[in-house]
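Asks: Mind having a look at this structure? Questions to follow.
The values are calculated or read from the model by the stated rules, or taken from the named source; none is laboratory data. Everything quoted here is computed from the prediction, not taken from an experiment. Quick reminder, even Gly has a Cβ in these numbers, built from the backbone with ideal geometry, and neighbours come from all protein chains shown. These area figures cover heavy atoms from the full protein model, side chains too; ligands, DNA and RNA do not enter into them. Shrake-Rupley method; radii C 1.70, N 1.55, O 1.52, S 1.80 Å.
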Amino acid sequence: MTSSEKLDVIDWDEAMEQCGDDEEFLRELLDDLRTETDGQIIKIDEALKGDTSEGNTYHRIMRASHVIKGAASNLMCQQLRMAAMALEKNASAAHETAGSGDKNSSDKSAEDKKEVELKMKEYAEIVTEKYEVLKKAVDAYHAFLVTINV
């Protein structure tokens, strides 16, 4: 991993400052982030294996990516934060769209229902793409941790 790639994964100086220049504490937090991220990735995997036409699926993805985003943000892991934020944003939009299709379902025309269905298919593809980006960021984060023996 080049120093440029490491910078993409974490801003070490900023993270150290966040931890009061206590490197041992930072390493412990980075390990905790790995554990938390891995757990949230499992939740997203499980959600995507379900029925992605349901809004609840996207709500679970949104929540899991939100957790990753927050934790990565606190430790200055920008690549991970940005990938999680993109997934959260798109999962949120999918969740809202699915919810709009449920409200007063009997009042919706066939055309409106078809439009929501098409949007949900688009969101399913976008969310899957953003999830792949997040998994690559997680892989880069894991690779970084190996380089610092965490």
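Asks: Return the residue satisfying two criteria in turn: it lies in the range 64-94 and is of a type in the set (Lys, Arg) and either surrounded by 18 or more Cβ atoms within 10 Å (Cβ to Cβ) or touching a Cys at 6+ places or on another chain (Cβ under 6 Å) (or both), and of such residues it is farthest from ILE42 (Cα to Cα).
Replies: ARG81
Asks: Return the pairs, sorted by first residue and then second, in which the second residue is in a loop (DSSP other than H, G, I, E, B) and modelled with pLDDT under 95, the first residue lies in the range 42-68 and is closer than 14 Å to ASN90 by Cβ, the beta carbons are less than 7 Å apart, and the residues are 6+ apart or on different chains.
Replies: Pairs that qualify, where the first residue is closer than 14 Å to ASN90 by Cβ and the partner is in a loop (DSSP other than H, G, I, E, B) and modelled with pLDDT under 95, are THR57/GLY50; THR57/ASP51.
Asks: Within the group THR37, THR97, THR57, which residue is at pLDDT below 95, among the β-branched types (Val, Ile, Thr), crowded, with 22+ Cβ neighbours inside 10 Å and in a helix (DSSP H, G or I)? Give the steps one after another, and end with the answer.
Replies: Numbers: THR37 fails: at pLDDT below 95; THR97 fails: crowded, with 22+ Cβ neighbours inside 10 Å.
Unique residue meeting the criteria: THR57.
Asks: In contact with a helix residue (DSSP H, G or I) (Cβ under 9 Å, 6 or more places away or on another chain) and closer than 27 Å to LEU29 by Cα: does that describe ALA124?
Replies: On the way: in contact with a helix residue (DSSP H, G or I) (Cβ under 9 Å, 6 or more places away or on another chain): yes; closer than 27 Å to LEU29 by Cα: no.
It is false that ALA124 is in contact with a helix residue (DSSP H, G or I) (Cβ under 9 Å, 6 or more places away or on another chain) and closer than 27 Å to LEU29 by Cα.
Asks: Looking at GLU28, is it open to solvent by 50 Å² or more (accessible area, probe 1.4 Å), part of a helix (DSSP H, G or I) and farther than 25 Å from ALA124 by Cβ? Break it down into steps so the answer makes sense when it comes.
Replies: On the way: open to solvent by 50 Å² or more (accessible area, probe 1.4 Å): yes; part of a helix (DSSP H, G or I): yes; farther than 25 Å from ALA124 by Cβ: yes.
Answer is yes for this residue.
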